[in-house]
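Shown next, in structure tokens, is the structure this report addresses.
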Amino acid sequence: NVKLVVRITDLWFVGTPNKSEQAEMVFVDSEGDQIHAICKSDHLKSWKTYLKENCTYVMHNFKVVKNDGQFRVCEHEYKLFFIGVTVVREANLHELPFKEFGFVEFANVVAGNFVSGLLVDIIGVVDQVVFRHVSTKNTRVVFRMKDLSGEILSCTLWENYCTQFLSYLNERGDDGPMVIILTHARIKDAQGSYPASVSNSFKASKLLINDPILEIQEFKERLLDLGVEVSRVLLPGDQASSQVSGGSQLSSKDSFLSKAEVKTILEINAISEDVVCVTVGTISKIVMDNHSWCYPACAQCHRKTDIQTGPFTCGCGKDNDQPVLRYRVEIMVTQNNESGKFLLWDCEYAEFIGQTADDVNRVKIEDGDLDLNASPQALDKLLGHVLAFKARIQSRFKNAVVLRYSKDLDLINAVLEMLPDSEQSLFVTADHDPVAGLPLTPKKRMSSDEADDELRSSQISPAQLSSNKLTRHSHRS
């Protein structure tokens, strides 16, 4: 009788719905240990609606078996099966960790230093598409990837994973490196002159392409810092190359709006899937929750570290005298009477403030404030800006990650016109500077609980301004 307190970090379904379908998942406990669990078709009906990725549970009564299949999702010695007497109760357990990726180094795969049959996570930049084949019988793409050491690894994606990859390739425009994460990938041993390679596993893998998550953002920054050379993704004469190069001709307005839906804050708050949206709003509050406004990181690779001060050696091999600080700030964006929580990462934020997180913190310490978690006065420069935001909704974290923002009034007006209720949208007249003259409420900072209350009650915006279009300012005060 095993009693578990867990978060489901991965969930996928195999087989035919309502017939042979079974659920497979990975649980993580408070220690960060992972175990593979399977709910076969005869028990799935009673549990299917309860099982959700990223939710937390208390569970009892499993059949425990040896984890010795041909392909193993976790290193754990055992795996779990749901049985007739299994009990599942959803519980609010915030302290349980979220998914941690287990990235493998390409050099280890190429050299054969890996555990045979164990599925792995990989992250890399696409270095060249070598082969593609799309037909009713089988659909696959083969491409080269590089990691940060410059090591090359071949990757094959099949069926839906191939389709996802190729449709991204055809729509992407010329927007820099194409960084992918493939979870639960299979490693294929070297055979003769063919080196070891990786491919997606049947249904367990997830493919993330340039998603705005910390691991991909940091990989891109390190790619730049380390100067890893990347070939053109498509070979000259490739049938998709004309579509790809055409992307760079998009106007800044078109590229801001491309691959995104224009939504009101009210609509964004109701979205329960991960999509990219564009909206307009005023930064009305800074949310201080259990995350601080910045995080300590390695100076070379920008990977987060638990070291607050003093010398340390990062996992990338770089010796640091001190960690550097990077921004991570949650803000409230208000439109009409509705507010939504948005997350600003380092690159978006630094433009606003005009200082690095380290500079801001130095001023803070000189003013006698030593608490890293307390937000500094410099953050108040964010307040009152009326902006167009392009953001990816992260339904599991109940926030939106800002991918881009714009102060351009023509763009802001274009977005306002596309909002379903543009007559009552966000308002500024020619003589009302949205930054200089904004009536801010005295309470500028709030805890996450207060933020959630505000989202529920949708108080009147401090930026309830006066005409339905933003117009260009002829003068500045």
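Just so you know, all these numbers are worked out from the coordinates, no wet-lab data involved. Note that the coordinates shown come from a computational prediction; the quantities given were computed from them, not determined experimentally. With ideal geometry, Cβ positions are generated from the backbone for all residues, glycine too; neighbour counts draw on all protein chains shown.
Annotations
- Whole-Hz couplings from phi, Karplus 6.51/-1.76/1.60, listed for segment 153-164; x for Gly and Pro: 9, 8, 10, 10, 10, 10, 6, 4, 5, 5, 4, 4
- FRET efficiency for the pair TYR50 and LYS137, taken as 1/(1 + (r/R0)^6) with r the Cβ-Cβ distance and R0 = 45 Å, rounds to 0.75.
- Net charge of neighbours whose Cβ lies under 14 Å from the Cβ of GLU53, counting Lys and Arg as +1 and Asp and Glu as -1: +2
- Residues ASP410 and ARG89, FRET efficiency given R0 of 51 Å [Cβ-Cβ distance, rounded to 0.05]: 0.45
- Segment 26-120: GluC sites (Glu not before Pro) falling in loop per DSSP and having at most 15 other Cβ within 10 Å: GLU31, GLU53, GLU75, GLU77, GLU95, GLU100
- Taking 27 Å as the limit for the C-alpha separation, the pairs LYS79/LYS146; LYS285/LYS407; LYS99/LYS203; LYS206/LYS285; LYS203/LYS341; LYS220/LYS285 exceed it in the case of LYS79/LYS146; LYS206/LYS285; LYS203/LYS341; LYS220/LYS285.
- Applying both filters, DSSP loop and at most 10 other Cβ atoms within 10 Å, to the trypsin sites (Lys or Arg not before Pro) of segment 103-162 gives LYS137.
- Charge sum, other residues only, whose C-beta stays under 12 Å from PHE219's C-beta, Lys/Arg counted +1 and Asp/Glu -1: -2
- Greater than 20 Å apart at Cα, pairs in LYS63/LYS188; LYS40/LYS63; LYS253/LYS390; LYS19/LYS45: LYS63/LYS188
- Spin-label pair GLU105-SER30: with each label point 7 Å from Cα along the Cα-Cβ axis, the two points sit 3.4 nm from one another.
- Computed over segment 106-226, Kirkwood Rh from alpha-carbon pairs, angstrom: 14.8
- A Förster radius of 22 Å, combined with the Cβ-Cβ distance separating LEU226 from ASP274, puts the computed FRET efficiency at roughly 0.15.
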